[in-house]
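Q: Shown below is the structure under consideration.
The values are calculated or read from the model by the stated rules, or taken from the named source; none is laboratory data. The structure presented is a predicted model; accordingly, all values stated were derived computationally and were not measured. Cβ: placed from backbone, ideal geometry, glycine included. Neighbour counts: every protein chain shown.
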Amino acid sequence: MYSAIDVETSSLLSGVRGAQIAGRFKIFRHRPLAYATEQDKAVWDDLVQAMESLLRLRSHRPGTLVKHAAYLHARTGGRIGSLSHLVREAALVAIVEGTERITKGLLGEVELDAYAETQARPSRPVRRK
C-alpha cells in the first residue's frame, strides 16, 4: 500500500513506467473521519481507544483520551495523521516533563500541522517551557 497526496498528478503515474504502475494499483480517496452520527462517533472513539491502548505511560489513566474524543476530533478535524501526531507529541512531552500522563491541558498545548491548526481552532495557546 502506498499513501500520497494528489498521486494522480504526480510523476509516479506518468510515462510508460507510470502506466504500468497505474495498471497495478487502485486509488482510494479518503476523507477525514466524520463525527456527526452515533456510528461516526463509535468509529472515532474506537480509533482513539486503539491509539491510547498503545501508550506506555506510568501515570496515564486509561480512558482519558476516549473521554476527550469529541475534543480530539474538533482539534484534528477528523484526520488520523493529525490525531497520531497529537497523541505522540503529548506522550513525548509527558515523558520529558516526568508526568507520564496525558491530560486535556497538555493536548491543548501541542501544536499540530498547519491545516489542523487553521481549521480546528482560531488560535493556539502558548506552549509551556
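Here is a yes/no grid of residues against (1) exposed (fewer than 15 other Cβ atoms within 10 Å of the Cβ); (2) under 20 Å from the mean Cα position of the chain (by Cα); (3) on the phi > 0 side of the Ramachandran plot:
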{"position": "F25", "(1), (2), (3)": "yes, no, no"}
{"position": "W44", "(1), (2), (3)": "no, yes, no"}
{"position": "M51", "(1), (2), (3)": "no, yes, no"}
{"position": "R56", "(1), (2), (3)": "yes, yes, no"}
{"position": "L86", "(1), (2), (3)": "no, yes, no"}
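Q: Out of the stretch 103-113, which residues are outside any loop (DSSP other than H, G, I, E, B) and among the acidic types (D, E)?
A: E109
Q: Suppose the filter is without any contact (Cβ under 8 Å) to a residue 60 or more places away in the chain, outside any helix (DSSP H, G or I) and farther than 24 Å from E97 by Cα; does I27 pass it?
A: Yes; evaluated as a whole, the condition is true for this residue.
Q: For the subset of the stretch 5-23 comprising residues that are surrounded by fewer than 10 Cβ atoms within 10 Å (Cβ to Cβ) and part of a loop (DSSP other than H, G, I, E, B), which member is modelled with the lowest pLDDT?
A: I5
Q: Turning to a different aspect of this structure: Residue by residue through the stretch 43-102, note down the ones that are over 19 Å from Q119 (Cα atoms), polar (S, T, N, Q) and part of a helix (DSSP H, G or I).
A: Correct list: Q49, S53, T64.
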